[in-house]
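Structure first, then comments.
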Amino acid sequence: MWEYKKDDDFGWLLEDLIQKVLFDAKCLTIISDRFYNDMFTTKMFQKLSAIPIFVILIGENEDLLSPNYKTLSVILQARRKGCDVYIILIANADETIRFLRFGDRHRVIDTRARFFLLHDVRLYHKDYYYLWKKIVNVIFIRKFFEVNRYELMTVPFPSPIEHSWKPMRIDSWKYGKYQKNNELFIDKTSDLRGEIVHVAVFEYMPSVLKKVAEDDQNGNVMAGDSMPIEYSGLEVLILESLSHAMNFQILIYEPTNSKTEAWGKQQLNGSYTGLLGEMVSGRADFALGNFLYTPKNIKLLDLSIPYITQCFTFLTPESTTDNTWKTLILPFKKFMWIGVMLTLAVSSLVFYVLANFHKHYENGRTNIIPKCIFGKTLRIWPKKNKLSPKLLPLNVKREIPPGLYLFDGIGSSLINAYSMLLLVSLPKMPSGWSLRMLTGWWWLYCILVTVAYRASMTAILANPAQRVTINTLEELASSPISCGGWGEQNKEFFTTSLDSAGQRVGHKFEVVYDSNVSISRVAQGNFAYYENIYFLHYAKVTQKSMTVFENDTIENNSHNLEGKKDLHIMSDCVINMPISLGLQKNSPLKPRVDKFLQRVIEAGLVKKWLADVMLTTVVAEAPFEKNNINAVMDLKKFVGALVALGIGYGLEALPELENL
C-alpha cells in the first residue's frame with residue numbers, strides 16, 4: 001500500500017470524488033485512522049456543509065471486527081440517517097476488511113451504499129469473495145509510484161468472482177482531470193448480462209412444484225440428476241419474470257435432504273441446513289420456499305417485498321355424528337321444540353276452558369229462563385172431567401251442543417289439539433263461535449309448523465350426515481387432539497401469543513419435520529397440522545384421492561381404511577402472513593427485485609399465476625364435492641322412526657302391565 005504524503009494530490013482527488021457523488025448523497029460517513037485523518041481539512045468540510053457528515057477516528061489498537069462503544073454508536077447513527085456514501089481510509093487493509101465483515105454480519109452498514117476504499121491486494125483474498133458479491137458499488141483508489149496518477153477500480157459485478165479475480169478499471173485521475181470521465185457508480189443490477197443465478201428450492205405448495213420433464217428447454221433442471229426435472233409453481237413463475245426483466249439465467253437445485261430439512265434448522269456448530277444453510281453459506285443467490293416475515297428469516301437473509309398474504313391455519317380431522325336415533329327431533333332446535341310444546345299446552349288449556357265455559361253457559365240459560373216449546377203455551381188436560389183453569393208451562397230440557405264434548409276434558413282437549421297439529425281432522429266441528437274461531441286460527445298455526453317441519457326433515461334425510469369440525473382456535477385448544485407444525489419458530493409463535501387459546505395450543509404444539517407423516521396422523525383423527533391454506537388444500541385433496549384409490553383397489557382389506565377421517569381446514573385464520581422471495585443477506589439485487597416484483601403484483605399476475613397453480617387441485621377436488629351433495633337415502637336414516645315407534649309401544653304397555 002502506498003503512503004500518503006503532504007505533497008501528494010490525494011486530498012485534491014478526494015474532493016473531486018466527493019463532488020461527483022455529492023449531488024444525490026443523503027449523508028457522508030468518513031472512517032479513517034490517524035495516518036489519513038489530517039487530510040480532511042476544515043476547507044474540505046466547508047465545501048461539504050450541505051449534507052450531514054459523520055467522522056469516525058479509529059484508535060491504534062481498536063479491532064474493527066468488534067468496535068468499541070463510541071465507534072459503534074456513530075456507525076449506527078449513520079445507518080439510521082440513511083448514509084449512502086462511505087469513505088474508508090485505513091492504512092491497515094486487514095482492519096478495513098474486518099470492519100466490512102462486521103458491518104455485513106450485523107447489518108450496521110448499508111452494503112448497497114457507495115464506498116471509497118484504498119487499494120490493497122489483501123482485500124481480494126478468496127476468503128472475502130463473498131463480500132464483493134454484496135458490496136458492488138465500490139471504488140478502489142490505487143496510486144502509481146512512477147507518476148503522480150491515481151487509478152480508480154471496482155468489482156466486476158455481475159461477472160462471477162471465482163478462483164482469482166482482479167478489480168476492473170473504470171478511470172484514472174491526474175492533476176484534477178479524469179482520463180475518460182466515466183460515471184463512477186452505475187446500476188450494475190439492471191442488466192445481469194445473462195449470468196447464471198443459483199436458486200435453492202424444495203417442493204412446497206404453492207411456491208415450487210416439480211415433475212419429470214420431457215426436455216430441459218426452460219433450464220429449470222436439478223443439478224446432478226440423471227433425469228431432468230421441470231420446476232413450476234408460483235414463485236418459480238415470479239422468478240422467471242424477473243429473469244426476463246433483469247437478464248439472467250436460472251439454475252434451480254435442491255439442497256441435500258430437502259424433503260426433510262426444508263427451510264433448515266441450526267446445527268450444534270452454528271451452521272444451518274436446508275434453504276437457510278444454502279443462503280447463509282452463499283451457495284445460492286435466491287431461495288424459493290414461501291418465506292415468512294419472521295425475525296429469524298430477516299436476520300439470516302434478505303426478503304423481497306411481500307408478493308401475497310397467506311392465511312395460516314390448521315388441517316383438522318372431521319367426524320360424522322351418529323345421531324340417526326333422534327331424526328324425528330332434528331328438524332327443530334331445542335328452543336323451537338320448547339315453543340311448540342308450550343304452545344300446544346296453552347292452546348289445549350284454552351280449548352278446555354272455552355268448552356267448559358260454553359257448557360256452563362248453556363246449562364245456566366236452561367235453568368234460569370224456562371221456555372215453552374216453539375214459543376207456544378200448552379195446556380195439558382189430564383182428565384176431561386177435571387179441568388183446571390191454571391196454565392201449566394211445559395219445561396223441555398235443552399240438549400248440550402254436540403261439539404263441546406271434544407274439549408270438555410283436559411285429556412281430550414290435549415289429544416284433539418295434538419291431532420290438529422299433525423293435520424288430522426276433528427271428528428266433528430266444535431260448537432260455539434269462540435271455539436270455532438280458535439280452531440280456525442289454530443289450524444293456520446298447525447299448517448305453518450307442519451310445513452316447516454316437513455321441509456327441514458326432507459333436508460335432513462336428503463343431505464349427508466352432520467359433520468363435527470374444528471373451526472376456531474378456542475375449539476382446537478379445548479379439543480383432546482394434539483397439534484403441530486414445521487419448525488421451532490411456529491411453536492414459539494403460539495407459546496408467546498397474547499391470548500390464552502394460542503398459549504394453550506402452544507403448550508401441546510409439536511415440532512415436526514415430515515409433512516407426510518403429519519398428514520397421515522390427521523387422517524387417523526388424532527392430530528392437527530399447521531400450514532398455509534393452499535398447502536392444506538392440496539394435502540386434503542391428495543389424502544382424499546389416496547383414500548379413494550385404496551378403497552377401489554383393496555377390497556378384502558377395507559377394514560384398514562375405516563379408521564381414516566375426512567380432513568377439514570379450519571375456517572378461522574390463525575394469522576395472515578406476508579410471503580416473500582428469499583435473497584442472500586445484503587444482496588445487491590434486492591432493490592431491483594423489489595421494483596420489478598411490485599410491477600408484477602400491480603399487473604395482477606401473482607393472483608393469476610396462483611389460480612393456475614391451484615387449478616389442478618380444484619379440479620381434483622370437484623368429484624369429491626359432487627359426491628357430498630348427492631341426496632342419498634338409506635335405512636340408517638330411518639332409525640329415528642323405529643325409536644319413536646318403540647317408545648310408543650313401551651308407553652302403551654305400561655297400562656297393560658298395571659292391569660295385570
Tally time: how many residues in the range 246-263 are of a type in the set (A, V, I, L, M) and within 14 Å of LEU581 (Cβ to Cβ)? 3
Restricting the range 7-60 to residues that are more than 21 Å from ASP110 (Cα to Cα) and among the hydroxyl-bearing types (Ser, Thr, Tyr), the one modelled with the lowest pLDDT turns out to be SER49
Which condition breaks for ASP187 when tested against (1) assigned by TED's automatic domain parsing to the domain that holds LEU14; (2) closer than 16 Å to VAL138 by Cα? (1)
Mind checking which residues of the range 184-197 are in a strand (DSSP E or B) and crowded, with 18+ Cβ neighbours inside 10 Å? VAL197
Which of the residues spanning the range 483-535 are in contact (Cβ under 8 Å) with a residue 60 or more places away in the chain, at negative phi, not in a helix (DSSP H, G or I) and not hydroxyl-bearing (Ser, Thr, Tyr)? CYS483, TRP486, ASP514, GLN524, ASN526, PHE527, ALA528, GLU531, ASN532
For the range 46-66, state whether one or more residues are part of a helix (DSSP H, G or I), in contact with a strand residue (DSSP E or B) (Cβ under 7 Å, 6 or more places away or on another chain) and either loosely packed, with under 15 Cβ neighbours inside 10 Å or free of Cβ contacts under 8 Å to residues at least 60 places away in the same chain (or both). no
Hey, can you tell me all the residues within the range 147-164 that are part of a loop (DSSP other than H, G, I, E, B) and either buried (at least 18 other Cβ atoms within 10 Å of the Cβ) or under 51 Å from the mean Cα position of the chain (by Cα) (or both)? VAL155, PRO156, PHE157, PRO158, SER159, PRO160, ILE161, GLU162, HIS163, SER164
Residues of the range 165-183 classified as in contact with a strand residue (DSSP E or B) (Cβ under 6 Å, 6 or more places away or on another chain) and assigned to a loop (DSSP other than H, G, I, E, B), total: 4
Take LYS637 and tell me if it is surrounded by 12 or more Cβ atoms within 10 Å (Cβ to Cβ), modelled with pLDDT under 75, in a helix (DSSP H, G or I) and among the basic types (Lys, Arg). yes
Among the residues of the range 91-99, are any of a type in the set (A, V, I, L, M) and under 22 Å from LYS20 (Cβ atoms)? no
Output the qualifying pairs, or none if there are none: Cβ atoms under 8 angstrom, residues six or more apart or on different chains, first residue in the range 263-274 and of a type in the set (Asp, Glu), second residue surrounded by 10 or more Cβ atoms within 10 Å (Cβ to Cβ) and not in a helix (DSSP H, G or I). none
Evaluate the following for PRO480: is it in a loop (DSSP other than H, G, I, E, B) and either modelled with pLDDT under 85 or under 30 Å from LEU342 (Cβ atoms) (or both)? no
Whether any residue in the range 279-289 is buried (at least 23 other Cβ atoms within 10 Å of the Cβ), in a helix (DSSP H, G or I) and of a type outside the set (D, E, K, R) is what I want to check. yes
For LEU581, state whether it is on the phi < 0 side of the Ramachandran plot and either modelled with pLDDT of 95 or more or in a helix (DSSP H, G or I) (or both). yes
Is it true that some residue in the range 301-310 is part of a helix (DSSP H, G or I) and either under 30 Å from LEU610 (Cα atoms) or modelled with pLDDT of 85 or more (or both)? no
Qualifying residue in the range 62-82 (condition: assigned by TED's automatic domain parsing to the domain that holds ARG101, at pLDDT 90 or above and touching a Cys at 6+ places or on another chain (Cβ under 6 Å)): yes
Answer residue from the range 107-141, given it is touching a Pro at 6+ places or on another chain (Cβ under 7 Å) and touching a residue at least 60 places away in the same chain (Cβ under 8 Å) and is surrounded by the fewest Cβ atoms within 10 Å (Cβ to Cβ) among those: ARG112
Being among the aromatic types (Phe, Trp, Tyr) and closer than 18 Å to ASP16 by Cα is the filter here; which residues of the range 109-140 pass it? PHE115, PHE116, PHE140
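The values are calculated or read from the model by the stated rules, or taken from the named source; none is laboratory data. Since this is a predicted model, take the numbers as computed values, not measurements. All Cβ positions, glycine included, derive from the backbone under ideal geometry; neighbour counts span all protein chains shown.
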